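Take a look at the structure below.
The values are calculated or read from the model by the stated rules, or taken from the named source; none is laboratory data. For clarity, every value in this text was computed on a predicted model and none was experimentally measured. Cβ coordinates were reconstructed from backbone atoms using ideal geometry, including for glycine residues, and neighbour counts include every protein chain displayed. SASA here: full protein model, heavy atoms, side chains in, ligands and nucleic acids out. Shrake-Rupley method; radii C 1.70, N 1.55, O 1.52, S 1.80 Å.
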Amino acid sequence: MAIAVVNRRIEVTVNGKAHVDEVEPRTLLIQYLREKLDLTGSHVGCDTSNCGACTVLLDGVSVKSCTVLAVQADECAVTTIEGLADGDTFHPVQQGFVEKHGLQCGYCTPGMIMAAVSLLDENPHPTEQEIREGIEGNLCRCTGYKNIVDAIQWAAENS
Amino acid sequence: MIPASFEYVRAESVDHAVSLLQEHGEEAKLLAGGHSLLPLMKLRLAQPGVLIDIGRLGDLANIRDDGDMVSIGALTHHAQIEHSPLLRQECPVVSHTAGQVGDLQVRHRGTIGGSVAHGDSASDLPTVLLAVDAVMVAHGPEGTREIPASDFFTGFWETALTDVELLTTIKVPKLPNAGWSYQKFNRRAQDWAIVGAVAVKNGTTRVGLTNMGSIPLRATAVEAALQAGASLSDAAAVAAEGTNAPADVNGSAAYREHLARVLVRRALEEAGS
């Protein structure tokens with residue numbers, strides 16, 4: 001069957017800035033952010049909702065933007081890693097990754113930080129175990145997670 | 001990976017969704033959170049011509065007290081179920097199990113209705129819903145009908161829902177005093193269950209199995225053995241009877257049968273059967 005594909009108009013607030021765009025319905029949110037808005041801080045890792053590198057906040061909660069259509073984000077607010085700092089001041093989770101050296105290659109870091117922001121929003125004072133479970137949707141192939149967990153713990157103590 | 005092209009329409013109400021299903025027929029698929037459907041579409045295992053987005057039907061995203069049942073709207077996210085005070089009080093096996101689905105991001109986005117309607121026997125919640133005798137409420141052109149969980153799952157990725165029906169509500173019985181346990185075995189925390197086992201003890205004990213066949217299963221042999229007075233370990237020893245375990249990269253059928261026996265024993269012990 002021939003499919004009548006009609007582009008769809010979406011209004012999305014990304015990092016506080018309103019965007020109005022026409023997108024093909026099959027456009028993924030990560031694709032829209034990276035390719036249309038040139039916000040390349042959110043990474044594509046596995047592209048199968050396993051690794052979490054593409055994690056952003058959608059209306060304040062962490063989601064894997066490789067498994068969300070851009071049209072599903074219509075009329076929603078998106079926060080990416082680029083929108084986290086307050087001017088020159090890092091978000092406490094970002095600062096925690098600096099303080100505790102919570103990265104090696106850095107590929108997973110934007111997604112890891114956004115997942116941690118959402119985790120601490122729901123549970124401001126997590127135990128180490130709760131942090132480990134809270135970032136189970138984010139894979140890091142370098143660090144063994146120890147410094148990442150320390151970084152999130154630092155953020156919880158310094159927020 | 002990008003899905004194949006499709007037409008996108010947004011349903012404004014349940015009735016509108018049903019009329020869109022009637023209009024587009026089997027070309028159409030309903031889109032809720034998309035966490036079962038979109039991965040399949042990206043892998044081109046599903047190529048619906050039309051996606052009917054029901055994700056904004058806010059009336060279907062709530063949990064409410066419904067007499068001797070708790071009604072869970074089909075669009076309720078796993079995270080909402082996990083943290084619902086009402087469910088934690090009245091049917092904790094359901095809220096606990098919702099917290100075992102995927103990972104935090106998946107639970108923020110995935111819905112109970114999507115999981116149930118997708119009908120994957122490796123999913124956690126369908127097995128638990130089967131064990132507690134949940135009732136699925138479907139809305140179609142003829143109105144609303146209730147489908148017991150025991151009749152709902154009909155085959156691999158197949159359910160009793162017709163092409164023009166929408167799952168609107170999942171009703172679970174209040175079991176505030178029941179013993180319960182859900183045991184999930186996987187290699188990575190976020191993965192699907194290689195095998196899962198649920199036990200719910202409310203007078204008699206109900207036992208269910210995840211990923212031990214093409215549909216979620218009741219471990220009827222275990223239940224019968226318990227009824228006949230068998231010890232927990234003797235009852236658990238027959239957990240693989242009547243199952244048809246799949247073999248895949250995560251394990252052979254024999255390995256899954258072993259897991260079923262071990263997990264059922266643990267579930268029975270934790271549920272205090």
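A few comments on the model shown:
- Euclidean distance of C-alpha centroids, the range B:15-41 and the range B:162-181, integer Å: 21
- Whether the protein assembly as shown is rounded, prolate or oblate, judged on the alpha carbon gyration tensor where a/c under 1.5 counts as rounded: oblate
- A 1.4 Å probe over all protein chains sorts A:VAL78, A:VAL20 by accessible area into A:VAL20, A:VAL78, starting with the largest.
- Ignoring lysines fewer than eight residues from B:LYS29 along the same chain, the ones with Cα atoms less than 18 angstrom from its Cα are B:LYS42.
- For the peptides A:59-67, A:39-47, A:147-155, the ranking by packing is A:59-67, A:147-155, A:39-47, with the highest mean count of neighbouring Cβ atoms within 10 Å listed first.
- Karplus (6.51, -1.76, 1.60) ³J(HN,Hα), θ = phi - 60°, over the range A:35-51, in Hz, Gly and Pro reported as x: 8, 8, 9, 6, 9, 9, x, 7, 9, 9, x, 7, 6, 10, 6, 9, 8
- Here the Karplus curve 6.51 cos²θ - 1.76 cosθ + 1.60, taken at θ = phi - 60°, turns the phi angles of the range A:5-21 into couplings of 7, 10, 4, 10, 7, 10, 10, 10, 9, 10, 6, x, 10, 7, 10, 10, 9 Hz, with x standing for Gly and Pro.
- Karplus-derived HN-Hα couplings along the range A:99-110 (A = 6.51, B = -1.76, C = 1.60, θ = phi - 60°), whole Hz, x at Gly and Pro: 4, 9, 6, x, 7, 10, 6, x, 5, 7, 4, x
- With 20 Å as the limit on Cα-Cα distance, the pairs of A:LYS36/A:LYS64; A:LYS64/A:LYS100; B:LYS174/B:LYS201 that go past it are A:LYS64/A:LYS100.
- Residue-normalised accessible area of the range B:44-191, expressed per residue, 1.4 Å probe, Å²: 36
- Other-chain or far-sequence residues with amide H under 5 Å of B:GLU7's (modelled H): B:VAL50, B:LEU51
- Residues whose amide H lies under 5 Å from that of A:LEU28, counting only those 5 or more places away or on a different chain, are A:ALA70; hydrogens are built 1.01 Å from N in the peptide plane.
- Protein accessible surface hidden between B and A, which excludes ligands and nucleic acids, total in Å², probe 1.4 Å: 3000
- A:LYS36 sits with roughly 110 Å² accessible to a 1.4 Å probe, with DNA, RNA and ligands left out of the calculation.
- For the range B:197-273, the share of accessible area belonging to carbon and sulfur comes to 47 percent (1.4 Å probe, ligands and nucleic acids excluded).
- Ellipticity estimate at 222 nm from DSSP helix runs (n ≥ 4, -39,500 (n - 2.57)) divided over the protein assembly as shown, nearest 500: -8500 deg cm²/dmol
- Restricting the GluC sites (Glu not before Pro) of the range A:1-84 to loop positions (DSSP other than H, G, I, E, B) with no more than 12 neighbouring Cβ atoms within 10 Å leaves A:GLU75.
- Residues B:TYR8, B:TYR255, ordered by accessible area of protein heavy atoms at a 1.4 angstrom probe radius and largest first, appear as B:TYR255, B:TYR8.
- The range B:254-273 and the range B:124-139 have Cα centres spaced 21 Å apart.
- For the range B:133-190, the set of GluC sites (Glu not before Pro) satisfying both a DSSP loop assignment and a count of at most 14 other C-beta atoms within 10 Å is given as B:GLU142.
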